[in-house]
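Asker: Below is the structure I would like to discuss, written out as structure tokens.
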Amino acid sequence: MAGTANGPLAGVRVVELAGIGPGPFAAMLLADLGADVVRVDRPGGAGLSINPAYDLTNRNKRSVLIDLKSAEGPAQVLALVERADILVEGYRPGVAERLGVGPDACLARNPQLVYGRMTGWGQDGPLAQRAGHDIAYIALTGTLGMFGKPDEPPTVPANLVGDYAGGSLYLVVGVLAALQHARTEGGAGQVVDAAIVDGAAHLATMIHGMLAAGGWQDRRASNLLDGGCPFYGNYETSDGQYMAVGALEPQFYAEFTELLGIKDEAPERKDFARWDELRDLITARFKTRSRDEWTAVFEGSDACVAPVLSLREAPSHPHLAARATFVDHGGITQPAPAPRFSATPGAVRRPPAQPGADTADVARDWGVPSLERDDVS
């Protein structure tokens, strides 16, 4: 079957009201999959002061400048909404309504619109109006408390677990599910309330089941998957680098201990009383060679051991290079669109959108000439 480079969402139109963090990342995912994403930037800009040319979360998008606080701004956005399938916004609850582009106004203009709302706390609840960031959202859900050593503060997992896993990914799943519903016979648009607290809590569903069954202890580094297990963790090598070990199953553990050279000394994997002894044994052994030397030892094995690479090292790893997991576009090395589709592959088609650079093209392609006028009836 001949594929196309348009992606599975080719033909889907998305309006993104500019923000920072999980909203733009969610819109980037839709754009990577082929959707025509128009980002509505405001004069003066918004964001974390990164040069727009390097803001990869705006790749594959187009940008128009609209001042929503101006007399004509809301009408210009509503003109886009009338032609859109999805809208993504990340304001605090009530802000979009006050600007004249809330769900009621948008759905009145386009009853089949999927209105995606991205927040940390959600649209309601005691904290809905409070400011916050990823670290606070995952703190309240119990997720942050799982990371790190028991005698140290919790380890901050960048903003990957909250903003992007608990936020962006859930928003994308939500708006695509709602779009499917809207396109069924008799279907209609609706509002998708994607709160990072909800998504981050949902990510730990399996852990809550294990906790209820008595198979998970409610403290850090005391469990199979949180660093408490000596054959599921990271170990320093002689050159100050690290190897990641995930030899959970019996056959993998056996191969791991043999290749590491501790088979005769290592206790049984379920001999919990000797886990501290096993950890010390593994620690000492890994420090006898460099990361590259250990990588060579475990190459081609099922011991489930891998070198811990840096962000700059990762694109050159032979496996990732063979799969083109990273691509170079416009001189910037970046992760390729994911997941992959056999017939409608996604692609990096455009560099990060420059604020307002695509106004004329969007006005033409979407049939909204008012974008280029200051007077809107």
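None of the figures in this text is laboratory data; all of them are computed from the coordinates on show. Every value quoted in this text rests on a predicted model; they were computed, and no experiment measured them. Reconstructed Cβ throughout: ideal geometry from the backbone, glycine too, with neighbour counts over all protein chains shown.
Asker: Taking the Cβ-Cβ separation of residue 67 and residue 131 as r and a Förster radius of 22 Å, what is the calculated FRET efficiency to the nearest 0.05? Write out the running numbers ahead of the final one.
Answerer: Details: r = 23 Å, r/R0 = 1.06.
Taking R0 as 22 Å, the efficiency between residue 67 and residue 131 is 0.40.
Asker: Counting only helical runs of four or more DSSP H residues, what would the 222 nm mean residue ellipticity of the chain come to if each run contributes -39,500 (n - 2.57) and the total is spread over all its residues?
Answerer: -8500 deg cm²/dmol
Asker: Something else: How far apart, in nm, are the 7 Å Cα→Cβ label points at residue 217 and residue 54?
Answerer: 4.4 nm
Asker: Let me ask you something else. Under the 0.36 nm per residue contour assumption, what length would be gained going from the current alpha-carbon distance of residue 238 and residue 357 to full extension?
Answerer: Value of the extension gain: 37.7 nm.
Asker: Just need the relative contact order of segment 242-307 here, percent rounded to a whole number, with Cα pairs under 8 Å and 6+ apart.
Answerer: Dividing the mean separation by the residue count of segment 242-307 yields 56 percent.
Asker: Report the equivalent ellipsoid semi-axes for segment 180-327 in whole Å, largest first, defined as the square roots of five times the eigenvalues of the gyration tensor built from alpha carbon atoms.
Answerer: 37, 24, 14
Asker: Hey, another quick one. Under unit Cβ charges (Lys, Arg +1; Asp, Glu -1), what dipole magnitude, rounded to 20 debye, does the chain have relative to its Cα centre?
Answerer: 560 debye
Asker: Could I ask something else about it? Under 30 Å Cα to Cα from residue 263, which lysines show up? Leave out anything in the same chain fewer than 8 places away.
Answerer: 149, 287
Asker: Follow-up. Using only the Cα atoms of segment 5-128, build the gyration tensor, take square roots of its eigenvalues as a ≥ b ≥ c, and label the shape rounded, prolate or oblate: rounded if a/c is under 1.5, else prolate if a/b is larger than b/c, else oblate.
Answerer: Cα axes put segment 5-128 in the rounded bin.
Asker: With an 8 Å Cα cut-off and a minimum separation of 6 or more residues, compute the relative contact order for the chain in percent.
Answerer: Once divided by the residue count of the chain, the mean separation gives 22 percent.
Asker: State the antiparallel share, in %, of DSSP beta bridges confined to the chain, rounding to the nearest 5.
Answerer: 35 percent
Asker: Taking the Cα centre of segment 131-220 as origin, work out the dipole magnitude from +1 charges on Lys and Arg Cβ and -1 charges on Asp and Glu Cβ, in debye rounded to 20.
Answerer: 140 debye
Asker: What is the list of residues in segment 207-246 whose amide nitrogen lies under 20 Å from a point 7 angstrom out from the Cα of residue 273, following Cα to Cβ?
Answerer: Residues passing the 20 Å test: 223, 229-231.
Asker: Right, another one. Positive end of the dipole of segment 242-307, charges at C-beta (+1 Lys, Arg; -1 Asp, Glu), about the Cα centre: which of 297, 243, 259 has its Cα farthest in that direction?
Answerer: Result: 243.
Asker: While we're on this one: Enumerate the amide H contacts of residue 329 below 5 Å, restricted to partners 5 or more residues apart or on another chain; note that Pro and chain-start residues carry no placed amide H.
Answerer: Under 5 Å from the amide H of residue 329 lie the amide H atoms of 334, each far enough along the sequence or on another chain.
Asker: What full-extension length gain, to one decimal in nm, is calculated for residue 151 and residue 75 as 0.36 nm per residue of separation minus the Cα-Cα distance?
Answerer: Once the chain is fully extended between residue 151 and residue 75, it gains 21.8 nm.
Asker: Using the Cα gyration tensor of the chain, with a ≥ b ≥ c the square roots of its eigenvalues, what is the shape: rounded (a/c below 1.5), prolate (a/b larger than b/c) or oblate (neither)?
Answerer: Note, shape of the chain comes out prolate.
Asker: Need one number: the % of Cα-Cα pairs in segment 53-186 sitting beyond the 21 Å mark.
Answerer: Numbers: 4812 of 8911 pairs.
Value for segment 53-186 (Cα pairs over 21 Å): 54 percent.
Asker: How high is the relative contact order of segment 1-105, in percent, with contacts defined as C-alpha pairs under 8 Å that are six or more residues apart?
Answerer: Relative contact order of segment 1-105: 32 percent.
Asker: Projected onto the charge dipole of the chain (+1 at Lys/Arg Cβ, -1 at Asp/Glu Cβ, origin at the Cα centre), which of 93, 25, 119 gives the Cα projection farthest towards the positive end?
Answerer: 93
Asker: Would you order 63, 168, 370 from fewest to most other beta-carbon atoms within 10 Å of each residue's own beta-carbon?
Answerer: 370, 63, 168
Asker: A follow-up question, please. How far apart, in nm, are two points set 7 Å out from the Cα along the Cα-to-Cβ line at residue 210 and at residue 325?
Answerer: Inter-label distance under the simple model: 2.3 nm.
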